[in-house]
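Notes follow once the structure below has been shown.
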Amino acid sequence: MSQLSPWWSPEHHADRRPFLIGRGRIQAAIRNWFLSEGFTEVEPGLLQVSPGNETHLHAFRTEWIGTDLSRQDVFLHTSPEFAMKKLLAAGETKIFAFAPVFRNRERGDLHSPEFTMLEWYRANEPYRTLWDDCARILKIASAATGLSTWSFRDRTCNPLSPFEALTLEEAFIEKAAMPLRDDTTGDVFNRDRLASEAETIGVRVAADDTWTDIFSRVVVEKIDPGLGIPSPTILYEYPASEAALARPVPGDPAVAERFELFACGVELANGFGELTDAAEQRRRFEAWMADKQRIYGERYPIDEDFLNALACMPPSSGCALGFDRLVMLATGAERIDQVRWTPFPEP
């Protein structure tokens, strides 16, 4: 039997209502700032032919029945990214959206099957411009609620303080006490060398772990918990294999123009200098779907319309910020369900 959801009872709603009112203030203030900066708010469609093609993202699948009764699998998107990049190809230059997104196999204090993503793009601007946007958004959220010290699980952060910025290589050395790249060649370690280094710092490595499995375990166990304390942290220049839809760093193709924003050990945002090489993007999609088939026994279709649009998209930068997580920190909430108006019930 499913557990009854308490969020609709008057006493529980009264406990959550201050967080929800704070959510509205934060959203209104951020929206006003984007509009004042010349951005256009857009509403990306939720139903897509492909929900995204990253290996470990899991989508909700549904079916479209045509007027001729033909049937086609479609998906609730895991991000508005594909739709928003098509708008960049169509000629939009500064766009943002508060987009409902859907991810399966996700549930916890920081995760919900349905959540809101604040996503924005700037055409013809470098991706580090997005760092300034993130700093501004944190200040706006803090001002909207009057909370200038954020906390999560006994980790605190001052959202008004200057950002700390670390490359992945610097973070591995400073936070995990191991290198990530060869000093002589500059290459990112291969799988066996990475496994050896990880084991020396006490990270478990299994014989069938891939390079990504080992990398992710080091990051989650040794690096992420110490980020965004006591000031927000930008973690940038990820290995190219971990950079999804990001372009390589000029002059250093081993890493890519990807960054993440952390506060109180919580990942808040993920930003890219966007890849516009359609052939390279197809290669990545196909590799990730092969991995997904191997690991999970399923794959998602590739959005050919997106790849066609990508080929004529201008150089752009984009960022996706978990709006619910931002609201949690800015209001003092402890769980994502406290800041969503109608949380998804427990199974």
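Some values worked out for this structure:
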| item | result |
| --- | --- |
| Number of positions in the range 271-304 that are surrounded by fewer than 19 Cβ atoms within 10 Å (Cβ to Cβ), touching a helix residue (DSSP H, G or I) at 6+ places or on another chain (Cβ under 7 Å) and either free of Cβ contacts under 8 Å to residues at least 24 places away in the same chain or among the polar types (S, T, N, Q) (or both) | 2 |
| Residues located in the range 140-158, provided they are closer than 26 Å to TYR238 by Cα and either within 19 Å of the chain's Cα centre (by Cα) or without any contact (Cβ under 8 Å) to a residue 40 or more places away in the chain (or both) | PHE152 |
| Identity of the residue in the range 164-194, surrounded by fewer than 18 Cβ atoms within 10 Å (Cβ to Cβ) and hydrophobic (A, V, I, L, M, F, W, C), that ends up nearest to THR331 (Cα to Cα) | ALA165 |
| Looking only at the range 1-37, and only at residues there that are exposed (fewer than 12 other Cβ atoms within 10 Å of the Cβ) and not in a helix (DSSP H, G or I), the one that is modelled with the lowest pLDDT | MET1 |
| Residues of the range 162-220 satisfying the condition of being of a type in the set (Lys, Arg), under 14 Å from PRO239 (Cβ atoms) and not in a helix (DSSP H, G or I) | ARG181 |
| Odd one out for ILE140, checked against (1) in contact with a strand residue (DSSP E or B) (Cβ under 8 Å, 6 or more places away or on another chain); (2) at pLDDT 95 or above | (1) |
| Residue satisfying all of: in the range 305-338; part of a loop (DSSP other than H, G, I, E, B) and of a type outside the set (Lys, Arg); surrounded by the most Cβ atoms within 10 Å (Cβ to Cβ) among these | ALA333 |
| Restricting the range 289-327 to residues that are β-branched (Val, Ile, Thr) and within 21 Å of the chain's Cα centre (by Cα), the residue that is nearest to ASP209 (Cα to Cα) | ILE302 |
| Single residue of the range 108-131 satisfying the filter (assigned to a helix (DSSP H, G or I) and not aliphatic (A, V, I, L, M)) that is farthest from PHE344 (Cα to Cα) | THR129 |
| Among (1) in a strand (DSSP E or B); (2) touching a residue at least 24 places away in the same chain (Cβ under 8 Å), the one test that TRP64 misses | (2) |
| Qualifying residue in the range 221-235 (condition: farther than 30 Å from GLY332 by Cβ and at pLDDT 95 or above) | no |
| Residues (surrounded by fewer than 19 Cβ atoms within 10 Å (Cβ to Cβ) and not in a strand (DSSP E or B)) located in the range 141-161 | ALA143, GLY146, LEU147, SER148, THR149, ARG153, ASP154, ASN158, LEU160, SER161 |
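Matching residues to (1) hydroxyl-bearing (Ser, Thr, Tyr); (2) farther than 20 Å from ASN270 by Cα; (3) part of a helix (DSSP H, G or I):
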position: ASN53; (1), (2), (3): no, no, no
position: LEU69; (1), (2), (3): no, yes, no
position: LYS85; (1), (2), (3): no, no, yes
position: ILE95; (1), (2), (3): no, no, no
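The values are calculated or read from the model by the stated rules, or taken from the named source; none is laboratory data. As the structure is a computational prediction, the values presented were derived from the model and not from experiment. Please note: Cβ atoms are built from the backbone with ideal geometry, for glycine as well, and neighbour counts cover all protein chains shown.
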